[in-house]
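First up is the structure itself, then whatever we jot down about it.
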Amino acid sequence: MKILITGVAGFIGYSLADFFLKKKIEVFGLDNLDDYYSVSYKKKRIYLLKRYKNFFFKKIDITNKNYLEKYILKEKSFDVVYHLAAQPGVRYSVKNPRKYYSSNIIGYNNLLSSLAKIKVKKIIYASSSSIYGDQKYLPVKETVPFNPKNFYGYSKLINEVTSDFFAKFYKMNILGMRFFSVYGEWGRPDMLVIKYLKSQFNNKTFLLNNKGNHLRDFTHVNDIVQILYRLIKISTKKYHEVYNICSSNPYSVKKFISVSKNFIKNVKVKNQSRDLADVQDTHGSNLKIRKITEYKNFKSIEREIPLIIKWFKENNISTLLK
């Protein structure tokens, strides 16, 4: 089997690549090593992946259509493509929407246009729970009306529309994953868990939005990897299908801070008002993805907190994120 992963230096991309490489599967990884967050951190992920002989990395920016298309036409026979390359970050999208338009919208269009010229059995791409925005009734199912609160959410919604067109027009099998608050080892340093640990171990004050009075449907990256793997062998009736990928077990941010204090000394936290770009609570229904993959044993963040803190300490991650 031959797998292509875009955004392989990112959190989910790295975790998925590591999983496949351990199974002796050939993994071809693309990334532009963008400096939105620590490039050293991303390079460390790539360094770890390069220990495997069946890993092949290429530094490519998907916004460069000619370079991307040339690479894909040269490599050709990918069995599955996981598209995880994107400009992340809800709040940053308010400040710099142009970057999201370029990377998330144009970049994804470039990828699909290139893949339409070769035979690929399945394309699985990252969407986001951000397309839901604030919802009155929780948990949200895939069929509820969309209500994005920021350009990041809109860019992901446009990705879904784009996928629908390419799937129907070119008869491509495309699956969209609406990820909810992914966490775990080698997580993104701009998201709650690693961001919080970074501040504490670098002896800095963590700015807590909304006093932690919001819920997040935390989903462990290993659960996501298992689901993405199972989707390879699953056939769907439609050319394009979308799924919530979540534990469906929302957890209070305030409680996360409280539990982590049991393992970290001299915690420094400062409350601040809620950011208007943020969703108040996220809670997704995972019934659809559970039914098709039969995956049910989602990890509990409360049990995972001490394990992540231990990993953070032992790998001296704080130095990579300074």
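The values are calculated or read from the model by the stated rules, or taken from the named source; none is laboratory data. What you are looking at is a predicted structure, and each value in this text was computed from that prediction instead of being measured. When we count neighbours, we look across all protein chains shown, and the Cβ atoms used for this are built from the backbone with ideal geometry, even at glycine.
Numbers below:
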quantity: Residue, surrounded by the fewest Cβ atoms within 10 Å (Cβ to Cβ), within the stretch 36-56, restricted to residues that are aliphatic (A, V, I, L, M) and touching a residue at least 12 places away in the same chain (Cβ under 8 Å); calculated: Leu48
quantity: Options Leu138, Leu192; residue that is under 30 Å from Pro306 (Cα atoms) and more than 20 Å from the chain's Cα centre (by Cα); calculated: Leu138
quantity: Any pair with Cβ under 9 angstrom, 6 or more apart, that starts in the stretch 1-29 at a residue that is farther than 17 Å from Ser114 by Cβ and of a type in the set (Lys, Arg) and ends at one that is at pLDDT below 95 and surrounded by fewer than 21 Cβ atoms within 10 Å (Cβ to Cβ); calculated: Lys23/Met1
quantity: Members of the stretch 57-77 found to be within 20 Å of Met1 (Cβ to Cβ), crowded, with 16+ Cβ neighbours inside 10 Å and more than 21 Å from the chain's Cα centre (by Cα), listed by number; calculated: Tyr71, Ile72
quantity: Residues of the stretch 17-32 satisfying the condition of being buried (at least 24 other Cβ atoms within 10 Å of the Cβ) and either among the hydroxyl-bearing types (Ser, Thr, Tyr) or over 17 Å from Lys121 (Cβ atoms) (or both); calculated: Ala17, Gly29, Leu30, Asp31
quantity: Tabulated pairs, the stretch 132-153, first over 16 Å from Asn244 (Cα atoms), second small (Gly, Ala, Ser) and not in a loop (DSSP other than H, G, I, E, B), C-beta under 8 angstrom, 6+ apart or interchain; calculated: Lys149/Ser130; Asn150/Ser93; Asn150/Ser130; Phe151/Ser93; Tyr152/Ser93; Tyr152/Ser128; Tyr152/Ser130
quantity: Meets criteria (within 17 Å of Arg178 (Cβ to Cβ) and more than 18 Å from the chain's Cα centre (by Cα)) for Lys211; calculated: no
quantity: Among the residues listed as Val182, Val225, the single one being out of contact with any Pro (no Cβ under 9 Å at 6 or more places or on another chain), crowded, with 16+ Cβ neighbours inside 10 Å and within 15 Å of Ser129 (Cα to Cα); calculated: Val182
quantity: Qualifying strands (runs of 3 or more DSSP E) (wholly inside the stretch 5-98; at least 3 residues being of a type outside the set (A, V, I, L, M)); calculated: 26-31, 55-59
quantity: Subset tally (residues that are within 16 Å of the chain's Cα centre (by Cα) and closer than 30 Å to His240 by Cα) for the stretch 171-185; calculated: 10
